[in-house]
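Scroll down for the structure; my scribbles are underneath it.
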Amino acid sequence: MAVTESAPAVAPAAQVRNPTDDAADPGGGYEGILRRQSQRESAARTYARSLPIVPVRARGLTIEGADGRRYLDCLSGAGTLALGHNHPVVLEAIRKVLDSGAPLHVLDLATPLKDAFTSELFATLPGELADNARIQFCGPAGTDAVEAALKLVRTATGREGLLAFTGAYHGMTAGALSASGGATDVRVTRLPYPQHYRCPFGVGGDRGAELAARWTENLLDDPKSGVTTPAGMIVEAVQGEGGVIPAPDDWMRRMRRITAERSVPLVVDEVQTGVGRTGAFWAVEHSGVVPDVMVLSKAIGGSLPLAVVVYKSELDAWEPGAHAGTFRGNQLAMAAGTATLAYVRENKLAERAGILGARILGRLQGLAAAHPCVGDVRGRGLMIGVELVDPDAAGPDDLVPPAAPGLALAVQQECLARGLIVELGGRHSAVVRLLPPLTLTDEQATAVLDRFADALAAAERAHTPTTGVSRTTPGPSH
Ligand code: PMP
């Protein structure tokens, strides 16, 4: 294999063996671990269902399973690992905290580590926001920071409703889930997100984005639309779980104009797009849009849990304790996050992600030309999606073939069999997603693409046409 990076030697069996393991299980007990997981863990478990591996070691792009097999990890903790697994600067930062005797748990008290993290983070923000920003440390999940952002804009505006987009994913707690198309605790008005491939207006491109923007504008200005001026608009500059859909920069600027003219705070969810992932440090930089609020998590913690909201100080009208939480002071995460943010900035990894991502997209587009089951290839930077379809199942009214989630699952499994971990997402779970670390080398990119191409060909050969075709199946497994 062309990968230069090597994982450490196979973990000794004793490190992973469970006393109840069957002595016949030769893989360091991994079969027993998987069996016990399926017996003991919740039916709601997600990645573990389609990725039956037991990671014991990891470095960079490579994960090593308890069975000694190695995998190239293009899931990266659902886009969390900007520097891959166990990057030396991250490990060093964590060790330094451990050796210093600093407290690990401090609620939201001031510490030198938090001070350094805040300074490093603010240095990366769009200037107009950084000069005038406040930060709220949240419970350590993206969804909690989304909750905080919604609370913030509701308090600041005194309004209730929220504008959110079709295909959005903002988390799993009630308010965030409402914004993602789930429960409806928050009154959400759902707006069309511009999509080229499955354009709801059937036109795609600039025209489709223009119509989507017009719909939004009209809804806010029509006194009889049934939508009163909302507390905020929440948007992803590139939808991740929704199927890797980059919003056109013009459309993002239009959303900024529409919200600014109506004094509606614009909340940009950069939980997945942040820290260089899309080819800019923050995805909003592509359009030059300066949001009122940014929701940040995943990569900012350098692989440990951390989530914050940063926002313009004018919005800082909430009361002390308005968004509390016990675990808002994870010192290890702040140190790992500071190291990650600085490394991405100093080594210009956002630019690197842009260049390498374009190259990968090019090769995938070549694959699409050779495989009719690849309906669309899209992405920005190292946030890449390949939508699988069943061309034979297209009906007379279909502008594009229906999504093929069964085939996508087969591709994921064929990838796994070839030592490649990929994510599935998209409205119909038919988008194979690649989220490699920004440290990916050219050789590693080639190895990933070779395995993917091989897996795609194998899945296509084995797949029965029209099996698992979906126009309506549920969305991604997060
Ligand atoms: N926002 C976006 C854009 C996300 O992609 C995610 C997670 N995939 C979340 C919010 C929720 O983050 P978490 O899973 O940490 O709650």
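The values are calculated or read from the model by the stated rules, or taken from the named source; none is laboratory data. None of these values were measured; they are calculated from a predicted model. Don't worry about glycine lacking a Cβ; one is built from the backbone with ideal geometry, like all the others, and counts go over all protein chains shown.
Can you tell me which residue in segment 290-307 is nearest to the ligand (Cβ to nearest atom), limited to those that are among the β-branched types (Val, Ile, Thr) and surrounded by 24 or more Cβ atoms within 10 Å (Cβ to Cβ)?
Filtering segment 290-307 for residues that are among the β-branched types (Val, Ile, Thr) and surrounded by 24 or more Cβ atoms within 10 Å (Cβ to Cβ), the one nearest to the ligand (Cβ to nearest atom) comes out as Val295.
Find the residue count for segment 74-106, including only residues that are touching a strand residue (DSSP E or B) at 6+ places or on another chain (Cβ under 6 Å), more than 13 Å from Leu438 (Cβ to Cβ) and within 16 Å of the ligand (Cβ to nearest atom).
1
Residues that are basic (Lys, Arg): list the strands (runs of 3 or more DSSP E) wholly contained in segment 162-277 that include at least 1 such residues. If you could, list the steps in order and put the result at the bottom.
Details: elements: 162-165, 188-191, 232-235, 266-269.
Because the criterion is at least 1 residues that are basic (Lys, Arg), the strands (runs of 3 or more DSSP E) in segment 162-277 that meet it are 188-191.
For every residue, the table says whether it meets (1) in contact with a Ser or Thr (Cβ under 6 Å, 6 or more places away or on another chain); (2) more than 28 Å from Trp282 (Cβ to Cβ); (3) surrounded by fewer than 19 Cβ atoms within 10 Å (Cβ to Cβ).
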| residue | (1), (2), (3) |
| --- | --- |
| Thr338 | no, no, no |
| Gln365 | no, no, yes |
| Ala370 | no, yes, yes |
| Gly381 | yes, no, no |
| Ala404 | no, yes, no |
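Only one of these conditions is not met by Ala149: (1) aliphatic (A, V, I, L, M); (2) touching a helix residue (DSSP H, G or I) at 6+ places or on another chain (Cβ under 7 Å); (3) in a helix (DSSP H, G or I). Which number is it?
Of everything listed in (1) aliphatic (A, V, I, L, M); (2) touching a helix residue (DSSP H, G or I) at 6+ places or on another chain (Cβ under 7 Å); (3) in a helix (DSSP H, G or I), Ala149 misses just condition (2).
It is to be established whether one or more residues within segment 163-173 are more than 14 Å from the ligand (Cβ to nearest atom) and at pLDDT below 95.
First, the residues of segment 163-173 that are more than 14 Å from the ligand (Cβ to nearest atom): 163, 166.
Still in the list and also at pLDDT below 95: none.
Within segment 163-173, not a single residue is more than 14 Å from the ligand (Cβ to nearest atom) and at pLDDT below 95.
Identify all residues within segment 417-427 that are at pLDDT 95 or above and in a loop (DSSP other than H, G, I, E, B); write none if there are none. Step through it out loud before you land on a result.
Going through segment 417-427, the residues at pLDDT 95 or above turn out to be 417-426.
Arg418, Gly419, Val422, Gly426 - these are the residues of segment 417-427 that are at pLDDT 95 or above and in a loop (DSSP other than H, G, I, E, B).
Got a sec? Which of Val264, Val310 is surrounded by 21 or more Cβ atoms within 10 Å (Cβ to Cβ) and either among the aromatic types (Phe, Trp, Tyr) or more than 16 Å from the ligand (Cβ to nearest atom) (or both)? Even if it seems obvious, please write down each step before you answer.
Details: Val310 fails: either among the aromatic types (Phe, Trp, Tyr) or more than 16 Å from the ligand (Cβ to nearest atom) (or both).
On inspection, the qualifying residue turns out to be Val264.
Per-residue answers, yes or no, for (1) surrounded by 14 or more Cβ atoms within 10 Å (Cβ to Cβ); (2) within 30 Å of Thr62 (Cα to Cα); (3) modelled with pLDDT under 95:
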residue: Asn86; (1), (2), (3): yes, yes, no
residue: Pro103; (1), (2), (3): no, no, no
residue: Val106; (1), (2), (3): yes, no, no
residue: Ala110; (1), (2), (3): no, no, no
residue: Glu128; (1), (2), (3): no, no, yes
residue: Thr143; (1), (2), (3): yes, yes, no
residue: Val146; (1), (2), (3): yes, no, no
residue: Val153; (1), (2), (3): yes, no, no
